[in-house]
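Notes follow the structure.
Just so you know, all these numbers are worked out from the coordinates, no wet-lab data involved. Just so you know, these numbers come straight off a predicted model, no measurement behind them. We place every Cβ from the backbone using ideal geometry, glycine too, and count neighbours over all the protein chains shown.
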Amino acid sequence: MTESTLFLAAFICYGISAALYFVFLFREKEKWAITGYKIIFAGFIIHTIALILRTVESGHAPFTNMYESLSFLAWSGAFAYIFVEGKYKIRKAGPYFILIIIVLMALASSPLMPKEAKPLMPALQSYWLWLHVSVTLLGEAFFAMAFITSIMYLVAESKKKTPIKQKKTLSPERLDYISYRCIAVGFPLFTLGGLVFGMIWAYKAWGRYWGWDPKEVWSLITWFVFALYLHTRVVMGWKGKRSAVIAVIGFLTALFTYFGVNYLLAGLHSYL
Amino acid sequence: MMNFFSSVKLTIFLLIIIIIATTLGTLIPQGRSPEAYAEKYGDWAPFLMKSGITRLYQSPWYLTLLILFSLNIITCSLTRIKQKFKRAFKPQIITQEKKLKALNLNKIFKSLQPLPQVKENLLRELKSQGYKIREKSEQDQVHVLARKRFLGRFGSDTVHLGILIVVIGGFISGSSGYRENLALSPQETKPVPETNFSLKLNQFETLYHPDGSVKDWKSTLSIIKNNRKILTKTIEVNHPLSFQGFVFYQSGYGWNWRNPQVEIVVERKSGMSFSKPIMMKVGEKTLIKDENIEINCMYFVPDFVLTEENKVTSRSLKPNNPAVYVKALEKENIAFSGWLFLKYPEFDSGHSQIDSGLSLKFKDFKAEQYSVIQIAKDPGVTFVWIGCVFVMIGLFLAFYFIPRELRFMIKKENQNTKILAGGSALKAKDFFKEEFDKIIQSSRKT
């Protein structure tokens, strides 16, 4: 079994899982979602093995080019979903969230992404690569989770006015609460991985902990947006719609930090 | 004034302004030359430069925003901290029925057991759940305050304190930090500016991956003070050397092109009867005695390029296209004169105006590499790390060490006992409610 076969197998699992969850969404029978959950779990295990193989083969952490990093982000997403679903039973969010994982996997396997493991440039040869990237991407996966539940909240709220029968299992209040809990996981992880570990590594590799590099600046902006989310919510008591909108903006900022900065703004992080 | 600075509305306003300003700095390239701005933005360029947008993160108004934000954090925390301390260390134990009922969780129930028995059971249950208990008796009733994880109340304050320390560290770095590049050839010693010691490069090597890309650079450095070696360490990327607040980083490398050594192979075109590699330095002459050939290596460029005026120059200091200008004399007649290219060995003959029986090839070169060491002194960095620790501890406390507070009034009512229970939690109400119900349940059972 090679890494690419396992990657494909995981991809297929995620696809089947999403399909089952969509069936669940329309048929409203629990068993579809339960099978979907089992299959995404299987995909996650296979994906884990693929990442381990990649690490063993290349001899370095599996996030040094866009293919590896997208694959790892998809893996983090699967982890976040399994974790949040296990804890809060948010089956209705499943199909949408797994769709994000599938998009990430599809991007990773697109021919535009260089796949071959190249030897690492000097600055990347550090255990901080592990700590910095893995913790940051895990945090971002939880932001993605909050993004989905916030969007679902906004949709549910807009439907509330028209007399469509409310689904009992996932009330808007619960969606709002789950968004908050996801950010409560994502925010500390992002702070630790993205900002703190990033600063420590930058200090070790480049001799300064902060240099206003576009990637650094956008991480800070992301952090500020989620700080805004927390302050408006916890101190000013904003909930529901406005909170959900900030969570959505926050995720889009995180997405731009991860993806957009590399392609649109030049900087030291240009290798990834 | 205090009210203005301590309002959360100001925090929200400042956060939004800072987000917008910070974004602006990534949309407009920072720290370029005036010409570059003039070319890109035309008439707007002078405005952009004067307003500080082109050096946004160092501009007075951005720093003012950060200072305002810090003041806001300080006043917000100070106005609330006194109350918080009082609540944490000198809490009100006695409470009123009305207040208890106003808490978001509450319950009233009766027990047939006498008061001391009820109290004992309740306290046992609370203790088993990890609550710390304070109680006060009043005539026929007992007030109980049970709390756990009260440190969690200070989570946000710890985060804010951490942010302030990081900002202070940032200002210290920005105002008194110092950074300089020092280029050192092997065996060279240079004084470190603003200190009484020098830096010596003993050895420098570049390591390559099998595919030819650079794996690492290693510089063996010595700190020299009063002509004595104080310490020696080999540094590489990600592994700097620290000494008395100065940190020495492997920052780059380059080649010393003053007189590289080149290897040239001289051959006769007719057959393989003669082929001789010669090693020589640029600017030297070498005589091949047996054949009476004199090779004169005149110039070297690392990155050969022709200018528009047809002049030879080097595009960069990297050996992207190394070339040597060589003159060969055979029996005092010019047999070859022209550029030889390392990467294009077939290109030479076309450039030689003289057609002779000699063929020359540029095979290899050796130039001394120098190491670029970045010297940095950053007294703010310690503050930043301490601040980060505070931020992380604070975030953990704020999100995962949620304070729980339960209040009970146990009243004697004839032979029975009446219990009023109430609790409040800021976050994670669900978990708290579960725990609350559990405590109520089990204290009712007994």
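Could you check what % of the DSSP bridge pairs in segment B:257-367 are antiparallel, to the nearest 5? Write down the numbers at each step before the final one.
Numbers: 38 of 39 bridges.
Here the antiparallel bridges make up roughly 95 percent for segment B:257-367.
Name the most mobile residue of A:PHE83, A:PHE26, A:PHE251, meaning the one with the largest mean-square fluctuation, in a Gaussian network model of chain A with Cα contacts below 10 Å.
A:PHE26
Can you tell me the FRET efficiency between B:LEU24 and B:GLN83 if r is taken as the Cβ-Cβ distance and R0 is 51 Å, rounded to the nearest 0.05?
On the way: r = 38 Å, r/R0 = 0.75.
Working from the Cβ atoms, E equals 0.85.
Stick to Cα atoms and the Kirkwood definition of Rh, then tell me Rg/Rh for segment B:257-367.
Values: Rg = 13.5 Å, Rh = 14.1 Å.
When Rh is taken as the Kirkwood radius, the ratio is 0.96.
Taking neighbour Cβ counts within 10 Å as the exposure measure, how do A:ARG27, B:ARG153 sort from fewest upward? Don't skip to the answer; put the middle values down first.
Details: A:ARG27 11, B:ARG153 20.
Listed from fewest to most nearby Cβ atoms, that is A:ARG27, B:ARG153.
Given the DSSP H assignment, sum -39500 (n - 2.57) over each helix run of at least 4 residues in chain B and divide by its residue total; what's the result at 222 nm in deg cm²/dmol, nearest 500?
Theoretical 222 nm ellipticity from helices: -11000 deg cm²/dmol.
Using the C-alpha atoms of segment A:1-114, what convex hull volume per residue, in cubic angstrom, is computed? Can you show the working numbers first?
Numbers: hull volume 9.8 nm³, N = 114.
Spelled out: Cα convex hull of segment A:1-114, divided by residues, is 86 Å³.
Answer with one residue from B:TYR41, B:LEU126, B:ILE163: the one whose Cα lies farthest towards the positive end of the charge dipole of the protein assembly as shown, charges on Cβ with Lys, Arg +1 and Asp, Glu -1.
The listed residue farthest towards the positive side: B:LEU126.
I need the calculated FRET efficiency for the pair A:THR5 and B:PHE13, taking r as the beta carbon distance and R₀ as 51 Å, to the nearest 0.05. Don't jump to the answer; show the numbers that get you there.
Numbers: r = 54 Å, r/R0 = 1.06.
Computed FRET efficiency for A:THR5 and B:PHE13 comes out at 0.40.
For a Förster distance of 60 Å, can you work out the FRET efficiency between the beta-carbons of B:LEU287 and A:VAL56, rounded to the nearest 0.05? The partial results should precede the final answer.
On the way: r = 58 Å, r/R0 = 0.97.
Calculated value: 0.55.
Against the longest principal axis of chain B, how steep is helix B:8-27, in degrees 0 to 90 to the nearest 10, with axes from Cα atoms?
The helix B:8-27 is inclined about 10 degrees to chain B.
Mean Kyte-Doolittle of at least 0.5 plus a Cα span of 20 Å or more along the axis: flag which DSSP H helices in chain A meet both, please. List each step's numbers first, then the result.
Values: long enough: A:3-27 (36 Å, 1.55); A:30-58 (42 Å, 0.89); A:66-88 (32 Å, 0.57); A:94-109 (22 Å, 2.36); A:127-161 (53 Å, 0.84); A:172-190 (26 Å, 0.41); A:214-230 (24 Å, 1.06); A:241-255 (21 Å, 1.53).
Sorted by number, the helices that extend far enough and score high enough are A:3-27, A:30-58, A:66-88, A:94-109, A:127-161, A:214-230, A:241-255.
Go through A:175-187, A:4-16 and give me the packing order, highest mean Cβ count within 10 Å leading. Mind showing how you got there, number by number?
Working: A:175-187: 23.7, A:4-16: 19.0.
So the peptides A:175-187, A:4-16, ranked by packing, come out A:175-187, A:4-16.
What percent antiparallel are the DSSP beta bridges of the protein assembly as shown, to the nearest 5?
Details: 111 of 112 bridges.
So the antiparallel bridges amount to about 100 percent of the total.
Write down Rg/Rh for segment A:130-272, rounded to two decimals, with Rg from the C-alpha atoms and Rh from the Kirkwood relation over Cα pairs. Spell out each step's value before the answer.
Details: Rg = 16.9 Å, Rh = 16.0 Å.
Radius of gyration over Kirkwood radius for segment A:130-272 works out to 1.06.
What percent of all Cα-Cα pairs in segment B:2-86 falls into each 10 Å bin, going from 0 up to the bin containing the maximum distance?
It works out to 17, 36, 23, 15, 7, 2, 0, in whole percents.
Over all directions, how big on average is the projection of the convex hull of the alpha-carbon atoms in the protein assembly as shown, in square nanometres? Working shown, then result.
Details: hull surface 188.0 nm².
Averaged projected hull area, Cα only: 47.0 nm².
For a paramagnetic label modelled at 7 Å from the Cα of A:LEU99 toward its Cβ, which residues of segment A:10-29 fall within the zone defined by backbone nitrogen distances under 15 Å?
Backbone N within reach: A:15-26.
Placing +1 on the Cβ of each Lys and Arg and -1 on the Cβ of each Asp and Glu in segment B:288-413, which of B:SER359, B:TRP385, B:ASN296 has its Cα farthest towards the positive end of the resulting dipole?
B:TRP385
Assuming 0.36 nm per residue, please report the length gained on full extension of the stretch B:VAL305 to B:LYS331 beyond their Cα-Cα distance. Provide the component values of the computation, followed by the final result.
Numbers: separation 26, 0.36 × 26 = 9.36 nm, distance 3.24 nm.
Value of the extension gain: 6.1 nm.
Enumerate the whole-percent occupancy of each 10 Å bin, from 0 to the last occupied one, for all C-alpha pair distances of segment B:244-313.
Calculated over all Cα pairs of segment B:244-313, the distribution is 14, 31, 26, 17, 8, 4, 1 percent.
On a C-alpha basis, how far is the centre of segment A:215-267 from the centre of segment B:229-269 in Å? Whole number, if you could?
Computed from Cα coordinates, the inter-centre distance equals 43 Å.
Report, in degrees rounded to the nearest 10, the 0 to 90 angle that the Cα long axis of helix B:381-400 makes with the longest principal axis of chain B.
Once rounded, one gets 40 degrees.
Would you work out which of B:LEU306, B:THR220, A:ALA227 lies farthest towards the positive end of the dipole of the protein assembly as shown? Charges go on Cβ: Lys and Arg +1, Asp and Glu -1.
The listed residue farthest towards the positive side: A:ALA227.
Among B:LYS107, B:LYS343, which comes first, then next, by fewest other beta-carbon atoms within 10 Å? Show your work: numbers first, answer last.
Numbers: B:LYS107 17, B:LYS343 12.
Fewest to most other Cβ atoms nearby, the residues stand as B:LYS343, B:LYS107.
Kindly identify chain B as rounded, prolate or oblate by the Cα gyration tensor criterion: order the square roots of the eigenvalues as a ≥ b ≥ c, call it rounded if a/c is under 1.5, otherwise compare a/b with b/c, prolate if a/b is larger, else oblate. It would help to have the intermediate numbers written out before the result.
On the way: a/c = 3.90, a/b = 3.09, b/c = 1.26.
It comes out prolate by the Cα gyration axes.
State, to one decimal in nm, how far the label point of B:ASN106 lies from the label point of B:LYS363, with both points 7 Å from Cα in the Cβ direction.
With each label placed 7 Å out from Cα toward Cβ, I get 9.7 nm.
For chain B, set up a GNM with springs between Cα atoms under 10 Å and report which of B:CYS388, B:CYS297, B:CYS76 has the largest fluctuation.
The residue that fluctuates most here is B:CYS297.
Where does each of A:TYR203, A:TYR81, A:TYR127 land when they are ranked from fewest to most other beta-carbon atoms within 10 angstrom? Please list the in-between numbers first.
Values: A:TYR203 21, A:TYR81 28, A:TYR127 10.
Final ranking by Cβ density, sparse to dense: A:TYR127, A:TYR203, A:TYR81.
Quick one: if you stick a label point 7 Å off each Cα along the C-beta vector at B:ALA38 and A:VAL155, how many nm between them?
Taking the two extended label points, one gets 5.5 nm.
Using only atoms on other chains, find how many Cβ atoms lie within 10 Å of each Cβ of peptide A:228-234 and report the average. It would help to have the intermediate numbers written out before the result.
On the way: counts 6, 1, 5, 6, 4, 1, 5.
That works out to 4 on average.
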